[in-house]
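Notes follow the structure.
Coordinate-derived values only; no laboratory data. Treat the numbers as computed from the prediction; the structure is a model and nothing was measured. Because the Cβ atoms are built from the backbone with ideal geometry, glycine has one as well, and the counts that use them run over all protein chains shown.
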Amino acid sequence: MKKKEFDLIVFGATSFVGQILVQYLWKRHGMNGDVKWAIAGRDPGKLDLLKNRLGEQARELPTLIANANSEDELQTLCSKAKVIVSTVGPYALYGSPLVKVCAQTGTDYCDLTGEVQWIARMIEAHEETAKQSGARIVHCCGFDSIPSDLGVFFLQQSAKVQYGEPCQQIRMRVRKLKGEFSGGTVASMINVTREVAADRSLAKKLANPYLISPSRLAARQPNVKFAEFDPVAKSWLAPFVMAGINTRVVHRSNALQNYGYGKEFKYDEAMMTGNGLKGRLTAMGLAGGMAGFLIGAALPPTRWALEKFVVPKPGEGPSETSQQRGSYDLRFYGTTSKGNTLVAKVTGDMDPGYGSTGKMLGEAVVCLAKDNHEKAGGFWTPASLMGETLLARLQQHAGLRFELLPA
Ligand SMILES: NC(=O)c1ccc[n+]([C@@H]2O[C@H](COP(=O)([O-])OP(=O)(O)OC[C@H]3O[C@@H](n4cnc5c(N)ncnc54)[C@H](OP(=O)(O)O)[C@@H]3O)[C@@H](O)[C@H]2O)c1
């Protein structure tokens, strides 16, 4: 294949999270280092402002203009880079033409989507084309779903070494999560509820844990929907808002690694709220709050009020101080078929959705562009395509830690 001008292009560089990603790549790789990269978006003025904020030297950072709706302009982007990383969202509204063009032109691609209904549509429409062209498409390279996907990958590698078999069940429990939402993320969540309101059959599809897996397995999956006590984590639990995407990605990773976690593998995610009456009441409050938000977002009048008065607007998000003060701590409780147990802890040093997500996406796109994966084209997951190499990058550069705890 003809050598391309850039290793990677950041498309949507002016988005809230795109700006964090650009700052990260700028600090880590600069302009004339080992990674050749460019920024792209639809608005030249906004892209110039972004470069000004990076400083004098960034004025020469290559800049390309493309609209997410123009396949011709997206083709030009693809002709210039090995990988396109996109932060133009909600992806279900703006992201489809780029995935199509990447699949057609054999250009690798990664993004931050958590919109599982859209991923399912992209796989159905473009997987064959990507296999033929050699394009590796990797959705979900942010907080959803890298810590979950690689946390499970890490625990399963450890279980195989320690016990000679993978865990048959893993329970991911969120012990601590400190961070805020941005307008783009809320817009994506509200768009899912809008799609469900318009097409009732979608709710059934979204409930399928194997929605983006090549085949539906017989193993019934646990799912924390209300407040409940977990004797394994010794804590009350509430539903976790990202579980609906993370669990689907983990099951696809299992399938794409030739069912390396087993065909009976069970996986669920929930938030720990502590024990005793306080833990129980907090779990009930969180479960009720989440149900209230989803109902509110599904009904047109309350959705309008939420968008207008309550949630951040697209382009808005947490301050830099708030990103620095954020962090997360996830626990993975694994049990093998013979009853052996193993616990992993995964932590991140900034807020999950922005500071940490920008760094994870930065490492994922450079990993995709520079590390040698020798994998064919198709729709991959972070763990199934980049497993070990991404794990190492995240720990060395992105402030994540993966460690085993005494069981
Ligand atoms: N997985 C995770 O952990 C995670 C974390 C954070 C965000 N996200 C997702 O990432 C996405 C971005 O979030 P955000 O808060 O950064 O969004 P945002 O600030 O609202 O930015 C949206 C971006 O899309 C661009 N855009 C919209 N229509 C376009 C078009 N027709 N052509 C070209 N560009 C177009 C906008 O360009 P202009 O600047 O020119 O308006 C802007 O750069 C969302 O889908 C969000 O859900 C995921």
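For Ser337 and Ser215, what does the FRET efficiency come to when R0 = 25 Å and r is the distance between their Cβ atoms, rounded to the nearest 0.05?
My answer for the efficiency is 0.75.
Got a sec to turn the phi values of segment 198-207 into Karplus ³J(HN,Hα) couplings, 6.51 cos²θ - 1.76 cosθ + 1.60 with θ = phi - 60°, whole Hz, x for Gly and Pro?
7, 9, 4, 5, 5, 4, 5, 4, 5, 7
Please tell me which of these pairs span more than 23 angstrom C-alpha to C-alpha: Lys51/Lys375; Lys205/Lys359; Lys100/Lys131; Lys36/Lys313; Lys4/Lys100; Lys46/Lys370?
From the list (Lys51/Lys375; Lys205/Lys359; Lys100/Lys131; Lys36/Lys313; Lys4/Lys100; Lys46/Lys370), the Cα-Cα distance tops 23 Å for Lys51/Lys375; Lys205/Lys359; Lys36/Lys313; Lys46/Lys370.
Of Gly285, Gly89, Gly334, which is the most mobile in a GNM of the chain whose springs link Cα atoms less than 10 angstrom apart?
Gly285
Mind checking the angle between helix 71-80 and the chain's longest principal axis? C-alpha axes, 0 to 90 degrees, to the nearest 10.
90
Report the calculated FRET efficiency for Glu374 and Val232 (r = Cβ-Cβ distance, R0 = 35 Å), to the nearest 0.05.
My answer for the efficiency is 0.40.
Stretched out fully, how many nm does the piece from Leu93 to Lys225 gain, at 0.36 nm a residue minus the Cα gap?
Length difference between fully extended and current span is 44.7 nm.
At Leu49 and Asp34, where each label point lies 7 Å from the Cα along Cα→Cβ, what is the point-to-point distance in nanometres?
For the pair Leu49/Asp34, the computed spacing is 3.5 nm.
Report, by chain and number, residues whose modeled amide H sits under 5 Å from the one on Asp230, excluding near sequence neighbours (fewer than 5 apart, same chain).
HN-HN under 5 Å from Asp230: Ser235, Trp236, Leu237.
Read phi for every residue in segment 83-96 and hand back ³J(HN,Hα) as whole Hz from Karplus 6.51 cos²θ - 1.76 cosθ + 1.60, θ = phi - 60°, with x for Gly and Pro.
For segment 83-96, the Karplus curve yields 10, 10, 10, 10, 10, 8, x, x, 5, 5, 8, 10, x, 5 Hz.
Once a ≥ b ≥ c are taken as the square roots of the eigenvalues of the Cα gyration tensor of segment 160-220, is the result rounded (a/c under 1.5), prolate (a/b larger than b/c) or oblate (a/b not larger than b/c)?
It is oblate, given that a/c is not under 1.5 and a/b is not larger than b/c.
Once label points are set 7 Å from the Cα along Cα→Cβ at both Glu264 and Lys3, what is their separation, rounded to one decimal in nm?
Rounded to a tenth, the inter-label distance reads 5.3 nm.
May I ask for the angle, rounded to the nearest 10°, between helix 16-29 and the longest principal axis of the chain, with both axes built from Cα atoms and the value confined to 0 to 90°?
70
For Glu388, project a label point 7 Å along Cα to C-beta. Then give me every residue of segment 226-263 with its amide nitrogen under 20 Å of that point.
Output list for this probe position: 253-262.
May I ask you to evaluate 6.51 cos²θ - 1.76 cosθ + 1.60, the Karplus curve with θ = phi - 60°, for each residue of segment 231-247 and list the ³J(HN,Hα) values in order in whole Hz, giving x for glycine and proline?
Per-residue couplings from phi come out as x, 6, 7, 6, 7, 6, 10, 10, x, 10, 4, 8, 4, x, 9, 4, 5 Hz.
Once you put a point 7 Å from the Cα of Leu202 and another 7 Å from the Cα of Ser79, both along the Cβ direction, what distance in nm separates them?
Modelled inter-label distance: 3.5 nm.
If you place +1 on the Cβ of every Lys and Arg, -1 on the Cβ of every Asp and Glu, and leave all else neutral, what size is the dipole of segment 92-241 about its Cα centre, to the nearest 20 Debye?
The calculated dipole for segment 92-241 is roughly 460 debye.
Among Asn340, Pro352, Ala197, flag the residue with its Cα farthest along the positive direction of the charge dipole of the chain, charges on Cβ as +1 for Lys/Arg and -1 for Asp/Glu.
Asn340
For a quick check, take a GNM of the chain with Cα springs below 10 Å and name the residue from His397, His251, His126 with the largest mean-square fluctuation.
Checking each option, the largest mean-square fluctuation is seen for His397.
Over 10 Å intervals from 0, what percent of Cα-Cα pairs in the chain sits in each interval?
P(r) for the chain, in whole percents per bin: 5, 23, 34, 26, 11, 2, 0.
Among all the lysines, which ones have a C-alpha under 30 Å from Lys278's C-alpha, if same-chain residues fewer than 8 places away are not counted?
Correct list for Lys278: Lys176, Lys178, Lys225, Lys234, Lys266, Lys345.
Would you compute, from DSSP H runs of 4+ residues alone, the mean residue ellipticity of the chain at 222 nm, taking -39500 (n - 2.57) per run and dividing by the full residue count, rounded to the nearest 500?
For the chain, the value works out to -14500 deg cm²/dmol.
Once the piece of chain linking Gln395 and Lys345 is laid out straight, how much longer is it, given 0.36 nm per residue of separation minus the C-alpha distance between them?
This chain segment gains 16.7 nm when fully extended.
Against the longest alpha carbon principal axis of the chain, how many degrees, from 0 to 90 and to the nearest 10, is the axis of helix 357-370 turned?
It is inclined by approximately 60 degrees.
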